[in-house]
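This report concerns only the one structure given below.
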Amino acid sequence: MTSTTTTDTEGTSNVVWPPGLHPPTGGGLPPLLENTSVWTDEMVTNAGLAMQDYPIISVGGGMGSFITVDYLRIAGAVPAADIRVLSNLDAPWQTYQYLTRVSQLGLDRRLRSDSQSRPDNIWGFPSFAVQEAFQNRSLKPLTQVLIEPVFADFYTPVLNDMIRNLRREADRIGYWDMLVRGQVYTIRPRAGGGYFTVLTPFDDNAMPQVFRSRDVHVAVGYPGVRFLPDLQQLREESNDYHHVVNGYENHEHVYASLRRRPGTVLVRGSGITASAILQRLITEMYCKNAHTQILHLFRNYTRGAHGPHPWSRRPGGHGWAYQGFNYPKSSWGGQLKARMRRLDGPDLADAYDQIEGTTTPLRAMWQYYLREGRRAGWYQPLAGMLGNLRLEGGMVHGTLKPPTPDQPEQEVQADYVIDCTGLEPDVTKHKVLNDLLTHAGARRNWLGRLDVERTFELRGADNGTGRIYVTGTASYGGNFPGVDTFLGLQISAQEVADDLAYRGYARKMGPLRSSAQWLRWARGAQVK
């Protein structure tokens with residue numbers, strides 16, 4: 001399972017090559033192809049690699065690929081025979097389900113997602129709240145939506161409901177017929193227009209497969225799990241992957257150990273993952289009689305409401321910054337979205353500075369237990385930077401440097417450190433994305449991600465009539481901020497489908513087709 005925790009697509013050298021070709025050194029292709037940016041059909045044929053032709057290739061196979069393909073099938077009327085999804089995943093939700101599970105969001109837990117943000121339903125109606133109310137024969141979900149967020153927490157859907165709906169939609173659009181499993185090795189421009197995408201099968205004895213296409217859609221997610229340099233150095237120097245773990249790694253051994261004997265855990269981070277792990281630690285204490293001391297380290301300690309001006313402020317306190325969703329709701333379809341589409345350069349950077357920041361939803365029950373922890377002393381929030389990390393006597397020791405120089409340094413120690421500072425955003429650490437920069441003419445935006453147009457076309461990578469589209473976290477920093485959310489992926493997919501229609505390669509969905517397709521969705525009928 002660990003091989004599917006990220007969408008990193010590094011190649012393999014365990015490939016059988018035709019007679020007369022030397023095995024590649026440190027790569028998955030013969031040197032001529034490996035070192036050439038623009039390939040010809042003859043180069044591929046001479047390397048003994050067979051080509052398959054499809055108009056559209058989607059690379060990744062996760063939620064970004066699925067949502068885009070769903071839009072193309074429904075809105076663009078693109079037949080399944082014209083699309084291939086290249087992926088190392090068995091199902092689009094596999095990586096997402098794994099990451100939510102290890103970060104303590106089980107199948108029965110609620111996500112940080114809006115009621116209308118349905119990756120299985122491009123219309124968003126009926127919403128998750130309506131569906132849950134119908135399933136449970138209860139008006140509670142609908143009431144919560146009506147009075148949120150003033151008189152109730154934001155309504156959010158249950159993970160298991162979302163996965164069940166995704167499986168239904170995958171069956172309906174013929175997703176499994178479009179899926180080709182393997183590791184995507186590289187994407188290269190084709191002489192004369194279009195692109196070659198190389199897939200290395202999981203069978204070590206199989207030859208790489210080359211897919212020749214007019215357009216390529218890339219949605220590969222994060223390159224991997226991120227560790228801050230000090231924690232990574234401690235893990236590597238001590239060869240200890242037991243006491244220092246990432247919130248996105250499987251770390252059940254931490255909770256098992258704390259059930260057996262009292263211990264101290266240092267949680268580092270202030271986002272949704274940190275709050276979910278804190279909730280798991282508290283559940284272990286209240287329900288399974290664990291005796292745990294929790295040290296919670298904030299790099300930026302929030303003491304109250306904050307923001308650039310009175311009408312754009314986040315609530316906060318005790319270190320946390322609270323926000324119902326990853327971004328302000330207007331960034332998906334309100335004034336903020338419209339304003340950011342008009343910005344560029346420094347103005348766009350300033351807008352990102354205003355809306356960025358690590359946040360977590362404000363949940364009443366969770367806040368109650370944190371207050372109890374502060375009062376009883378088993379939960380201790382800390383502020384500052386942790387340095388001089390070392391492993392001594394089976395415990396992690398470090399020096400806490402406070403945020404202001406007038407405060408003294410403090411020595412801390414813990415049995416375990418759980419780092420919740422996120423996933424790796426550096427696109428150069430993903431082979432496929434780095435190859436786009438090196439060989440396809442792509443460039444990086446001001447945040448270091450891939451530079452895309454408002455249509456999510458990759459700037460500088462157009463090749464004849466062919467285009468590369470990039471959606472998801474790799475495109476963060478453009479004119480639409482919420483790219484790594486479900487609703488953001490849906491908006492991105494709509495932009496891609498509309499641009500393909502503008503270029504004459506798909507159909508632009510009008511009200512009649514939309515109504516007819518929604519009726520088919522409601523009945524569970526296959527997409528035509």
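Among the chymotrypsin sites (Phe, Trp or Tyr not before Pro) found in the stretch 270-351, those both in a DSSP coil and sparsely packed, with 11 or fewer other Cβ atoms within 10 Å of their Cβ, are Trp311.
Quick one: order Leu389, Leu362, Leu33 from most to least accessible surface, probe 1.4 Å.
If we order Leu389, Leu362, Leu33 from most to least accessible, we get Leu362, Leu389, Leu33.
The alpha carbon gyration tensor of the stretch 226-286 gives principal lengths a ≥ b ≥ c with a/c of 1.5 or higher and a/b no greater than b/c, which makes the shape oblate. Protein-only accessible surface at a 1.4 angstrom probe places the residues Glu132, Glu411 in the order Glu411, Glu132, largest first. Summing +1 for each Lys or Arg and -1 for each Asp or Glu among the other residues whose beta-carbon sits under 13 angstrom from that of Lys401 gives -3. Answer rounded, prolate or oblate for the stretch 206-314, using the Cα gyration tensor with square roots of eigenvalues a ≥ b ≥ c: rounded when a/c is under 1.5, else prolate when a/b is larger than b/c, else oblate. Oblate. Taking label positions 7 Å along the Cα-Cβ direction at both Asp153 and Ser138, the computed distance is 1.3 nm, reported to one decimal.
Calculated accessible area for the stretch 186-262 comes out at 39 Å² per residue, all protein chains present (probe 1.4 Å; ligands, DNA, RNA ignored). Only protein heavy atoms count here; under a 1.4 Å probe, Thr358 has an accessible surface of about 80 Å². The residues neighbouring Gly194, those whose beta-carbon lies less than 10 Å from its own, together hold a net charge of +2 under the Lys/Arg +1, Asp/Glu -1 convention. Multiplying the residue separation of His253 and Lys528 by 0.36 nm and removing their Cα-Cα distance gives an extension gain of 94.1 nm. By accessible area, using a 1.4 Å probe on protein heavy atoms only, the chain has 52% of its surface on carbon and sulfur. Computed over the chain, relative contact order equals 20 percent, with contacts defined as Cα pairs under 8 Å that lie 6+ residues apart. Put the Cα centre of the stretch 93-131 next to the Cα centre of the stretch 455-523 and the gap is 21 Å. Sorting His296, His397 on solvent-accessible area from highest to lowest, probe radius 1.4 Å, gives His397, His296. Taking the Cα centre of the chain as the origin and placing charges on Cβ (Lys, Arg +1; Asp, Glu -1), which of Leu86, Gln233, Pro157 is farthest toward the positive end of the dipole? Sorting the options by dipole projection puts first Pro157.
Rg/Rh for the chain (Cα atoms only, Rh after Kirkwood) is 0.98. For the stretch 316-416, the solvent-accessible area with a 1.4 angstrom probe is 52 square angstrom per residue. Shape class of the stretch 457-519 from the Cα gyration tensor (axes a ≥ b ≥ c, square roots of the eigenvalues): oblate, since a/c reaches 1.5 or more and a/b does not exceed b/c. Rounded to the nearest 10 square angstrom, Thr360 shows an accessible area of 0 square angstrom against a 1.4 Å probe. Using the Cβ-Cβ distance between Arg341 and Gln407 with R0 set to 30 Å, the FRET efficiency from 1/(1 + (r/R0)^6) comes to roughly 0.10. Between Met385 and Met365, the FRET efficiency estimated from the beta carbon spacing at R0 = 30 angstrom works out to 0.45. In this Cβ point-charge picture (+1 for Lys and Arg, -1 for Asp and Glu), the stretch 339-424 has a dipole of about 460 debye about its Cα centre. Computed over protein heavy atoms with a 1.4 Å probe, the accessible surface of the stretch 418-528 works out to 39 Å² per residue. Along the axis of the charge dipole computed for the chain (Cβ charges of +1 for Lys and Arg, -1 for Asp and Glu, origin at the Cα centre), the listed residues Gln52, Thr36, Ser113 are led at the positive end by Ser113. Each Lys and Arg Cβ is given +1 and each Asp and Glu Cβ -1; about its Cα centre, the chain then shows a dipole of about 1780 debye. Compared with the direct C-alpha span, the chain from Asp90 to Ala50 gains 12.0 nm at full extension, assuming 0.36 nm per residue. DSSP assigns beta bridges within the chain; of those with both partners inside it, close to 45 percent run antiparallel. Take the Cα of Arg454, step 7 Å toward its Cβ, do the same at Asn205, and the gap between the two points is 5.5 nm. Basic side chains Lys and Arg get +1 at the Cβ, acidic Asp and Glu get -1 at the Cβ, and with that the dipole of the stretch 409-528 about its Cα centre reaches some 1220 debye. Relative to the 2.2 N^0.38 Å rule of thumb, the stretch 109-214 has a C-alpha radius of gyration ratio of 1.61. Estimated from the Cβ-Cβ distance and a Förster radius of 56 angstrom, the FRET efficiency linking Asn289 and Arg513 is about 0.45. Extending 7 Å from Cα along the Cβ direction at Trp378 and again at Trp123 yields two label points whose distance is 5.0 nm.
The values are calculated or read from the model by the stated rules, or taken from the named source; none is laboratory data. As the structure is a computational prediction, the values presented were derived from the model and not from experiment. Here the Cβ is made from the backbone with ideal geometry for all residues, glycine too, and neighbour counts use every protein chain on show. Surface areas here come from the heavy atoms of the whole protein model, side chains and all, with no ligands, DNA or RNA. Shrake-Rupley method; radii C 1.70, N 1.55, O 1.52, S 1.80 Å.
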